[in-house]
Each structure stands twice: as structure tokens, then as C-alpha cells.
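*Asks:* I have a structure I would like to understand better, so I am pasting it below and will then ask my questions one at a time.
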Amino acid sequence: MKLLVVEDQAELANNITSYLSKEGYVCEWCSGYHQAIEKLAGFDYDIVLLDLMLPDGDGLDILRFLKKEYPDTGVLILSAKNALDDKIHGLDLGADDYLPKPFHLSELNARLKAIYRRRHLGGTHDVVFNEITINTETMEVTVNGKPLDLTRKEYEMLLYMVVNKSRVLTKQSIAEHLWGDYMDSVDSFDFVYQHIKNLRKKIVQAGGRDYIQTMYGSGYKFNPQVS
Amino acid sequence: MKLIFKITLLYLLITLVVFLLGGMITHQVIMREVVFEEQRFLTERLTSAIRMIEHRKLDRPFERDKIRIIPLDGQVEETPITFSDTVVMHATLQRMEPHNKLDVIKKVGDRYYSISLYDLIIEEDDISDGVNESLLKMYLLLSVVVLVLGWIASLFILKPFNATLEQIRNFSLKKNDRIVYQKSNTREFDKLNKFVEEMTDKVRSDYQSLKEFTENASHEMQTPLSITNGKLELLLESDNLSNEQVSLIISAQESIQRLSKLGKALSLLTKIENKEFESVEKVDMSELLSKLLADFKELTDLKSIKVETEIQDQVCVRMDSTLAAIMITNLIQNAIRHNNEQGMISITMTDKKLTIRNTGEALKSDPKVLFERFKKDNQSKESIGLGLAIVKKICEVSSFNISYEYQKKMHCITVIF
């Protein structure tokens, strides 16, 4: 997957590119409006990560340009403005998703993969990980071909962990992924724990391996190298 | 009282003083003229009396109405003319009337005569009455004319002033249009308009920069937080981290998250204060409340909180829909957060009011400051202490009433639409 990060904050772009490079994405970065237009005119990208507030132009103009010239390119808006208008406006103009700053890089990764799956319908909606297959369209999960009965939240959690495999996922990032901003209480961490426990049990009962590794502190990791 | 009436009354008061003084002067002047004329008249009559004495060769006393001549015998000195007041029987009125009297001893021919002449005085109080009456009538006329004309004139003179007042009254920061005044030909009004214009321009630019500051502060804060959070996440990925190091990183991340939420909440509060949420529409509160309660179901289940609802169907309220969602979310969140394990939440909504009750420890702090910023009762780590301040602010801009009470071991927040 080839990405263009349009972000005027070099350090933030640096975080994003180094995190996503580990996923095997090809990441390019540009810091402003004009540079972005040049790059977009010259190369093909799968997804553009777009900051709306740029020093030399409005990010929404880049979005308009993309939708006109390269409608196949996915767009994920990153914005600190957090203004609802911007969000609605951006999505109306055809952005695939909107992620307010600050965000977890794992959340960004999950969103990017979701956009990628939606945009490249050529093949399958399946996310396959060893014996686990997740159909993102029907939201069905099978382990060794046997269907797994998961709740909505367990399903979302499993998908989140699988797309972020081998990464440390803090309880906070999982809670925010599942419940968004308004679940800010410590209780949600217990809740994450409950869901993880149930999910683990269900996968193991269905004959899958226990990939979910508890990290000391308050995190989890979906570890493919589990014995 | 209208300014014009005040000015007119003051003017009339001054005029009254002037009229009083003027009346006294007029009275005196008239009196002087009258006395002078009367004496001249008596002197003229004296001349004709002397002519009469010469003509008639008078040798007996002569007495008629208003004249008495007595021939004197022997050697007597001539005297100068003297005037005096006296009271004489008036022939036609048949009563005593004050008269002017001229006395003189004059030599006519070769005899001396004592001549006394009388003339009816024009009485002083008659003159006073005349002066008073005419001045009073003039004063009344003046009052009426000044009041009426003043009122009519004020409509024209004060027109630019009233126009300015109207413009100030209609001035709104949100509309963001400049107040432009018409030039009047009154210097004071032009000055006033200039001041108001400068003031409103200043207010507008200050408001604008405040708004921009809020936006920018939020933006500028979120970006470094985002960077830091990302760095910590990358750090978490590195190998060979000890458990202590992992928990340090995670706790740092939590603080960053909190800071970010704080910034967002403060900027929301400022935005509500700045009245940036003004798309008032009909919001179906029943639907909204049920939807949000469903969203929170997991959380209440987790804490084993029993939720009882009594929601009237199709309660519609006119307010901004975003604010409605924020208000309900914060209230439910608050009821869950400050609840006990196995507690209870009871929500009642009618088209008049929304009541949310929840079990929980009684407040240790003053309930009056409950809705103020950062007045947290328990310094619980996950709460930033702005939730209810935001709810209060939303109620203010939507003209709702909000109140809190603690009864039967339940916290009870009531919003009256």
C-alpha cells in the first residue's frame, strides 16, 4: 500500500511514517499544499492522509482536487480542529474517514486498513490470520472454518487486534476504538479486560490458538509467534 | 423622563425667575412714568389755574372739584411747587380715593394765592395687577409653545441619536457586520457615533481574536500531544522493555489523553459561550435519549447499574442538536460515573422537564458550586471536572433551567425546558 502523508508537523509525520513502515507500507511525506498537489499529480497513491490546516493552503482544497482528478485514491482526514463542521464537510466532499488529533497510531492503522479493504473490492472482504478468518462485510468470524459466535464489540476488538498484530495495544487505545471519546472512565478498562477474556475463551474453545498476550501494565498484544 | 422635557422644564424654570425679576422692573418703570406724567399734568393745570386767576382777578376763595385757590392777605413768601399724596372725596365715585396733590403759593398780579390741585392717582396695585396678569399669560403661552415645539423639534434634532440607539440595540457580535452611522449635523452626535463605531469595531476585533485564539490554542495543543503520544506508542514497540518501563509509558499516555480531553472540553465550553452553536432546530429528545441510553448500556451493565426510564414519547425541544447530544451524554455519563456498584439510575422525561436521578455518595462539597468549572467532588482521575459546567452552559444558551438536589440518597439533576 502506498501512502502520502500531508502534514505540516514534521515530527507527527515522522511518527506516522515510522509506525506504518513496519506494516510494509510505502510512506511518503510532504508538508504543504503545493508540494502535495505536485506529488499527487506525479505519482499514484492508494490513500492520502490529509491534515486540513496547512501553512500554504486549505486541506479541503486538496480533497476537492483528489476527488476530481483521482477519485480512486482514498482520503483519511487528520485534523486537530475537531470542529464538527469540518468533519461533516470533509466527509461530504468524499473523504473516506476522519480522525481527530490526537489519535493512537494503532487506530490510524486500523482505519487505513478499513479504507483499503473498502476501496479494493477486487478480491475478498476476508481478513485472514492463520486459522482465523474475519469477513468484514458480513462480520462473521470463523476459526478453522467453524463459525465463531461473537458479540459486536468482541468482533470489533478481534479485528482491531488482528490488523494491529504484533503491536502493543494499550487498554486505552482499545477502549477508544470500541467506544469512542465518551467512554473516558477507568471502568472502560475493566470492560476491555472482560471482553478480552471472553474473546480469548471463545477462540480457544473453537480450537484456535491463544494469540492474545497480556502485557504487564495495561496492554495487550496479538502475538503471531505464540507457541 | 425624556431629555427634551427635562431641558424644557429647566428652561421654563429659568424663564420663571427672569419673568419675576422682569415683572418687578416693569412695575417700577411704569410707576415712575405714571408719577412723572401725573406731576406734569398737575403742573400744566397749575398754569391754566394761574391764567384763570389773572383773567377773573380772583379775590375770594375758589373751590371746585380738584382745585382750591385761596387768596392770601399780607406779605407772604412764594413757595416752590410741592407734590404730596392725600385722600380726597371722589365726586363721581362718592368715596375717598387717594389723590396726588400739588401745593404752591404763587404771586399772581399783586396778590399771593395758595393753590392746591388734586388729581386721581393711578393706584400702584392696579399697575401690579396689570403687570402680573400680562406676565402670567405670557408665561403660560410660552410654556405651552415651548413644550409643544420642543417636543416636535426633538423629533428632528434627536433623530440621529435615536438611530444610533437602535443600531446599538441591534448590534450582535455574531452577525459580524460593522455598524456604519449616517453623518448628522450635530457635533455631539457625530462624536458619539464615532466613539460607538470605534468601540464596536474594537469589540468585534477582540471577539474575533478570542475566537481564533480558542481555535488555535486547541489546534496547537493537540498537535504536540499527538506527536508525543505517537512517540510513546513507537517506544512501546521497541524490544526489551522492562515491565516498569511499559507501565511508565502507559501512564504518560494516559496523562496526555487527559490533557487532550481537557483542551477539547475547554474549547467546547468557549465555543458554547461564544454562541457558535446556533443552528436551533426541533430536536426529538425522546429519540435522542433512548439512543444514547442504548450506547451506554454496556457501561451500566458492567457496573451492574439498574436503569429505570420513564420517557414520554416525542418530546421535542428547540435547541442546537449537537448541544442536545452533548448535554444528554454528559448527564448520563455523570450519573454513571458518580454511581455505586449495583446502583440505580432513574430517568424521567416529560415535555416540561428532564430529571436524572442516581444513587451515590452525598457531595462533600457545596452543591451550589457543583456546576462550576473544575469543582470536582472527588478528585477521581478520569473526570476532568468540566462535564456539568458544559451542561450548565448549554442550559444557559438554550434558556433552560437546571437544578440539583440530593434527596433519599439520590443525586437529582433536573433540567426544565
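The values are calculated or read from the model by the stated rules, or taken from the named source; none is laboratory data. Note that the structure is predicted; figures quoted are calculated from it, not measured. Cβ coordinates were reconstructed from backbone atoms using ideal geometry, including for glycine residues, and neighbour counts include every protein chain displayed.
*Asks:* Scan B:Lys375, B:Lys392 and give me the residue that is within 33 Å of the chain's Cα centre (by Cα) and either outside any loop (DSSP other than H, G, I, E, B) or modelled with pLDDT under 80 (or both).
*Replies:* B:Lys392
*Asks:* For the condition touching a helix residue (DSSP H, G or I) at 6+ places or on another chain (Cβ under 9 Å) and either over 23 Å from B:Gln222 (Cα atoms) or at pLDDT 80 or above (or both), what is the one hit in A:Leu84, A:Leu63?
*Replies:* Answer to the check: A:Leu63.
*Asks:* Let me ask another. Just wondering, is there one or more residues in segment A:89-97 that are assigned to a strand (DSSP E or B), within 20 Å of A:Glu176 (Cβ to Cβ) and away from chain B (no Cβ under 14 Å)? Please lay out each step first, then the result.
*Replies:* Residues of segment A:89-97 assigned to a strand (DSSP E or B): A:97.
Narrowing further to those that are within 20 Å of A:Glu176 (Cβ to Cβ): A:97.
If we keep only those that are away from chain B (no Cβ under 14 Å) as well, we get A:97.
Yes, some residue in segment A:89-97 is assigned to a strand (DSSP E or B), within 20 Å of A:Glu176 (Cβ to Cβ) and away from chain B (no Cβ under 14 Å).
*Asks:* Let me ask another. Determine, yes or no, whether A:Leu60 is more than 28 Å from B:Asp239 (Cβ to Cβ), out of contact with any strand residue (DSSP E or B) (no Cβ under 7 Å at 6 or more places or on another chain) and either crowded, with 20+ Cβ neighbours inside 10 Å or more than 14 Å from chain B (Cβ to nearest Cβ) (or both).
*Replies:* yes
*Asks:* Shifting gears a bit: Against the conditions (1) crowded, with 16+ Cβ neighbours inside 10 Å; (2) among the charged types (D, E, K, R); (3) away from chain A (no Cβ under 14 Å), where does B:Lys271 fall short? Just the number, please.
*Replies:* Unmet for B:Lys271, out of (1) crowded, with 16+ Cβ neighbours inside 10 Å; (2) among the charged types (D, E, K, R); (3) away from chain A (no Cβ under 14 Å): (3).
*Asks:* Can you go through B:Leu140, B:Leu155 and tell me which one is assigned by TED's automatic domain parsing to the domain that holds B:Val17, without any contact (Cβ under 8 Å) to a residue 12 or more places away in the chain and surrounded by fewer than 14 Cβ atoms within 10 Å (Cβ to Cβ)?
*Replies:* B:Leu140
*Asks:* Something else about it: Got at least one residue in segment B:346-353 being in contact (Cβ under 8 Å) with a residue 60 or more places away in the chain, surrounded by fewer than 16 Cβ atoms within 10 Å (Cβ to Cβ), within 39 Å of the chain's Cα centre (by Cα) and closer than 30 Å to A:Ile88 by Cβ?
*Replies:* Yes, some residue in segment B:346-353 is in contact (Cβ under 8 Å) with a residue 60 or more places away in the chain, surrounded by fewer than 16 Cβ atoms within 10 Å (Cβ to Cβ), within 39 Å of the chain's Cα centre (by Cα) and closer than 30 Å to A:Ile88 by Cβ.
*Asks:* Separate question: For segment B:275-325, what are the residues that are away from chain A (no Cβ under 12 Å), assigned to a loop (DSSP other than H, G, I, E, B) and either among the hydroxyl-bearing types (Ser, Thr, Tyr) or closer than 18 Å to B:Thr355 by Cα (or both)?
*Replies:* B:Gln312, B:Asp313, B:Gln314, B:Val315
Residues checked against (1) under 30 Å from A:Thr214 (Cβ atoms); (2) more than 30 Å from the chain's Cα centre (by Cα); (3) within 14 Å of chain A (Cβ to nearest Cβ):
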| position | (1), (2), (3) |
| --- | --- |
| B:Phe189 | no, no, no |
| B:Arg204 | no, no, no |
| B:Tyr207 | no, no, no |
| B:Lys211 | no, yes, yes |
| B:Leu225 | yes, yes, yes |
| B:Leu232 | yes, yes, yes |
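*Asks:* One residue is enough: does segment B:128-143 have a residue meeting the conditions closer than 22 Å to B:Phe41 by Cβ, assigned to a loop (DSSP other than H, G, I, E, B) and not polar (S, T, N, Q)?
*Replies:* No, there is no match, as no residue in segment B:128-143 is closer than 22 Å to B:Phe41 by Cβ, assigned to a loop (DSSP other than H, G, I, E, B) and not polar (S, T, N, Q).
*Asks:* Does A:Tyr160 satisfy the criteria of being of a type in the set (Ser, Thr, Tyr), in contact with a His (Cβ under 9 Å, 6 or more places away or on another chain) and either under 30 Å from B:Ile249 (Cα atoms) or modelled with pLDDT of 85 or more (or both)?
*Replies:* It is true that A:Tyr160 is of a type in the set (Ser, Thr, Tyr), in contact with a His (Cβ under 9 Å, 6 or more places away or on another chain) and either under 30 Å from B:Ile249 (Cα atoms) or modelled with pLDDT of 85 or more (or both).
*Asks:* Still on this structure: Confirm whether B:Glu244 is without any contact (Cβ under 8 Å) to a residue 24 or more places away in the chain, touching a strand residue (DSSP E or B) at 6+ places or on another chain (Cβ under 9 Å) and assigned to a helix (DSSP H, G or I).
*Replies:* no
*Asks:* State all residues of segment B:234-260 that are touching a Ser or Thr at 6+ places or on another chain (Cβ under 7 Å) and not hydrophobic (A, V, I, L, M, F, W, C); if no residue qualifies, say none.
*Replies:* The one that is touching a Ser or Thr at 6+ places or on another chain (Cβ under 7 Å) and not hydrophobic (A, V, I, L, M, F, W, C): B:Gln253.
Listed here are the residues, each with its yes/no results for (1) among the charged types (D, E, K, R); (2) farther than 19 Å from B:Asp126 by Cβ; (3) touching a helix residue (DSSP H, G or I) at 6+ places or on another chain (Cβ under 9 Å).
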site: B:Leu16; (1), (2), (3): no, yes, yes
site: B:Gly23; (1), (2), (3): no, no, yes
site: B:Phe41; (1), (2), (3): no, no, no
site: B:Lys57; (1), (2), (3): yes, yes, no
site: B:Pro61; (1), (2), (3): no, yes, no
site: B:Asp65; (1), (2), (3): yes, yes, no
site: B:Asp85; (1), (2), (3): yes, no, no
site: B:Met96; (1), (2), (3): no, no, no
site: B:Asn100; (1), (2), (3): no, no, yes
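*Asks:* Still on this model: B:Leu173 passes all but one of (1) outside the structural domain of B:Ile70 (by TED's automatic domain parsing); (2) under 30 Å from B:Lys6 (Cα atoms); which number fails?
*Replies:* (2)
*Asks:* Please indicate, with yes or no, whether at least one residue in segment A:32-48 is within 14 Å of chain B (Cβ to nearest Cβ), in contact with a helix residue (DSSP H, G or I) (Cβ under 8 Å, 6 or more places away or on another chain) and part of a strand (DSSP E or B).
*Replies:* no
*Asks:* Out of (1) over 27 Å from B:Arg373 (Cβ atoms); (2) surrounded by 20 or more Cβ atoms within 10 Å (Cβ to Cβ); (3) more than 44 Å from the chain's Cα centre (by Cα); (4) not charged (D, E, K, R), what's the single condition that is false for B:Ala335?
*Replies:* For B:Ala335, the failing item is (1).
*Asks:* Something else: Hey, which of the strands (runs of 3 or more DSSP E) in segment A:124-213, taking only ones fully inside, have at least 1 residues that are within 10 Å of another protein chain (Cβ to nearest Cβ)?
*Replies:* By residue number, A:168-170.
*Asks:* Take B:Leu262 and decide whether it is touching a residue at least 12 places away in the same chain (Cβ under 8 Å), facing another protein chain (nearest Cβ under 9 Å) and within 21 Å of A:Gln172 (Cβ to Cβ).
*Replies:* Criteria not met by B:Leu262.
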